[in-house]
Amino acid sequence: MSQPRVQADLDWDSLSGALRVRVTVTGHSFRQGEALAQLRRRVAGVPSAIGECAVTARDADGPIAIEPVHDEGHWRWQGRRATTGPVALEYQVKPRRVDALTTDGHPPVDLRFEADGITGSTSAFLALPDLPNDVTGTLSWPGPSSVGDRHRSVDDIQAIHIMAGTVSTFTAGALTTYWLSPPTFDVASITRHASTMHAGLADLFGEPTPPLSIFLRRNPFRGMSGSALPGCFIAGWHEDAARSDRLQAFVDHELVHDWLGVENEHDNAVWFNEGVADYYGIVLPHRLGLLDDETFHARVDEIVRVYLASPWRDSPMTDLIPQFWDDPRIHQLAYVRGMLYLAELERLLAAQGNRVKLDDLMRRVRDRQIAGSAATLNDWKSWVIDAVGGDDAQLLEGVLDGQMSMPAGDLWRTGRTPDLETVPVIDPGFSFSTFVTRVVTGLDPEGLAAQAGLRDGDELLDLPPYSHLLGVPADHEITVTARRGAAAYTHTFSVGRETVLVPQWARPQPGGHRPTVR
Ligand SMILES: [Zn+2]
């Protein structure tokens with residue numbers, strides 16, 4: 001028999017709203033009971049689109065009876081008999097509808113309706129047979145997608161973003177941005193900025209600049225989110241937070257993911273991969289002249305505030321990993337720790353007069369990716385020990401144990417030392433989703449919000465987004481109007497009981513406010 005091969009053809013029916021999927025598998029005979037198609041129920045925190053849909057299959061002998069064998073983790077369909085010759089599978093997936101109350105909308109890969117079209121990643125809807133990742137795979141889709149010419153394997157075609165409907169585009173250099181909902185920010189300037197950053201990354205690794213797509217998705221719920229796939233990244237935005245500078249910061253972070261990453265088994269390297277994206281997403285645009293010193297420091301400062309304002313700031317990374325996707329304050333913390341770890345490492349390399357720079361270590365990470373076998377965290381650690389010595393490498397590990405020393409001094413080598421500012425540790429006493437949906441959930445009876453009179457289920461009409469609370473003064477209070485049934489109450493409470501000293505490098509703006517970026 002010839003080598004196995006999978007061809008997926010997608011077609012969106014705008015009238016019925018369904019996405020039709022046809023998968024042809026050649027060169028593989030399925031045993032009776034073998035899965036003809038399967039897909040995880042949840043993909044990185046969002047539900048997959050397929051659900052209990054009807055899958056039909058046929059081969060040279062005619063229709064194949066299908067038995068759904070869904071379990072907790074997967075949607076799965078088995079054939080009731082063995083197959084002969086090419087197997088054709090067909091099913092339809094329904095994009096989901098999201099609204100202001102959606103809380104599982106991050107990262108932005110779920111297949112959903114937006115404006116007059118749809119947007120989603122194949123990881124969230126393409127059910128395929130369980131074949132080895134390197135089996136040849138191709139995908140055809142008539143609309144905009146991140147396909148490019150990069151897909152070669154089954155693994156690749158499960159990481160493609162598609163969009164359909166009335167799609168707008170803007171191109172600068174190697175980069176094209178696609179969107180369905182009219183943006184409230186300057187897409188042209190963001191695309192140009194991102195194009196320069198993308199070329200800067202190519203230059204860092206001495207590689208040509210490949211084509212890249214950005215897919216913008218408007219979230220009807222509050223919050224921004226991003227995800228990177230080969231050849232593209234996806235940015236979810238909401239008008240409450242979507243200023244051009246925020247989007248730019250966001251895009252810079254996502255671009256780095258397209259170039260750098262180590263193997264991330266069971267999320268053990270999230271802190272590293274996200275830290276790298278945060279670090280180079282700030283340091284590189286500054287180096288390239290895309291950010292002036294003030295904006296650079298404003299970005300760094302905000303990240304440091306995220307870290308120190310988190311109630312989990314002293315928790316060891318091993319405690320945080322299982323909760324990564326439960327609360328954005330937890331996975332953001334991992335990002336920031338990773339970034340500060342890299343900043344400290346760079347400082348250490350420079351202080352030792354070391355000829356190896358952080359960039360050089362990153363080139364090794366990149367080389368391994370290009371060679372097709374991503375570096376592991378253990379590889380990384382051994383390179384760091386070679387470069388700085390075992391004792392110093394041990395000190396850096398403090399970042400992960402939660403015993404990190406406060407970032408200080410001219411850490412960013414811009415000739416500035418930070419001011420120390422007192423800010424609240426943000427813990428009003430309800431779950432994070434309350435900031436997203438503005439409906440109180442997970443109320444802590446001993447917490448500030450409960451003591452101010454709030455109850456679970458109250459709708460908070462004017463609760464500010466979480467990001468607006470980062471860096472507020474220690475005595476800052478929120479006043480919200482809470483709707484409970486037909487009645488409305490006004491409540492005032494402070495954002496947290498504890499305070500913490502935060503180093504800030506940017507100069508305060510008039511009125512004493514710290515500049516905000518994200
Ligand atoms: Zn990221």
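The values are calculated or read from the model by the stated rules, or taken from the named source; none is laboratory data. Just so we're clear, the structure is a prediction, and the values are computed from it rather than from any experiment. Positions of Cβ are generated from backbone atoms using ideal geometry, with glycine treated the same way; all protein chains shown enter the neighbour counts.
Worth a mention:
- Test result for residue 134, under 17 Å from residue 44 (Cβ atoms) and of a type in the set (D, E, K, R): no
- Among the strands (runs of 3 or more DSSP E) confined to the stretch 1-44, the ones with at least 2 residues that are polar (S, T, N, Q) are located at 19-26.
- Scan of the stretch 271-282 for residues that are within 12 Å of the ligand (Cβ to nearest atom) and over 16 Å from residue 331 (Cα atoms), ordered by number: 280, 281
- Cβ-Cβ contacts under 7 Å between residues 6 or more apart (or on different chains), taken from a first residue in the stretch 285-301 that is farther than 15 Å from residue 419 by Cα to a second residue that is acidic (Asp, Glu), are listed as 285/252.
- All told, residue 226 meets the bar of being part of a strand (DSSP E or B), at negative phi, touching a helix residue (DSSP H, G or I) at 6+ places or on another chain (Cβ under 7 Å) and within 15 Å of the ligand (Cβ to nearest atom).
- Any chance residue 253 is within 16 Å of the ligand (Cβ to nearest atom) and either free of Cβ contacts under 8 Å to residues at least 60 places away in the same chain or not in a strand (DSSP E or B) (or both): yes
- The one condition from (1) buried (at least 19 other Cβ atoms within 10 Å of the Cβ); (2) among the β-branched types (Val, Ile, Thr); (3) free of Cβ contacts under 8 Å to residues at least 60 places away in the same chain that residue 169 does not meet is (1).
- Scanning the stretch 474-518 for residues that are touching a helix residue (DSSP H, G or I) at 6+ places or on another chain (Cβ under 8 Å) and modelled with pLDDT under 85 yields 507, 514, 515, 516, 517, 518.
- Per-region count, the stretch 54-69, residues surrounded by fewer than 18 Cβ atoms within 10 Å (Cβ to Cβ), assigned to a loop (DSSP other than H, G, I, E, B) and in contact with a strand residue (DSSP E or B) (Cβ under 6 Å, 6 or more places away or on another chain): 1
- Output for the stretch 236-250, where each listed residue is within 16 Å of the ligand (Cβ to nearest atom) and closer than 18 Å to residue 111 by Cα: 236, 237
- Filtered residue count, the stretch 344-368, keeping only those that are more than 16 Å from the ligand (Cβ to nearest atom) and either in contact with a Gly (Cβ under 9 Å, 6 or more places away or on another chain) or among the charged types (D, E, K, R) (or both): 13
- Verdict on residue 303 being assigned by TED's automatic domain parsing to the domain that holds residue 389, within 16 Å of the ligand (Cβ to nearest atom) and farther than 24 Å from residue 505 by Cβ: no
- Every condition in (1) without any contact (Cβ under 8 Å) to a residue 40 or more places away in the chain; (2) within 16 Å of the ligand (Cβ to nearest atom) is met by residue 199 except one, and the failing one is (2).
- The set of residues in the stretch 345-373 that are loosely packed, with under 15 Cβ neighbours inside 10 Å and of a type in the set (A, V, I, L, M, F, W, C) comprises 350, 351, 370, 371.
- Taking the stretch 261-270 as the range and being within 11 Å of the ligand (Cβ to nearest atom) and hydrophobic (A, V, I, L, M, F, W, C) as the test, only 270 passes.
- Residues located in the stretch 28-45, provided they are over 20 Å from residue 70 (Cβ atoms) and surrounded by 15 or more Cβ atoms within 10 Å (Cβ to Cβ): 28
- Selected residue (only one of 233, 221 is within 16 Å of the ligand (Cβ to nearest atom) and either part of a loop (DSSP other than H, G, I, E, B) or at pLDDT below 90 (or both)): 233
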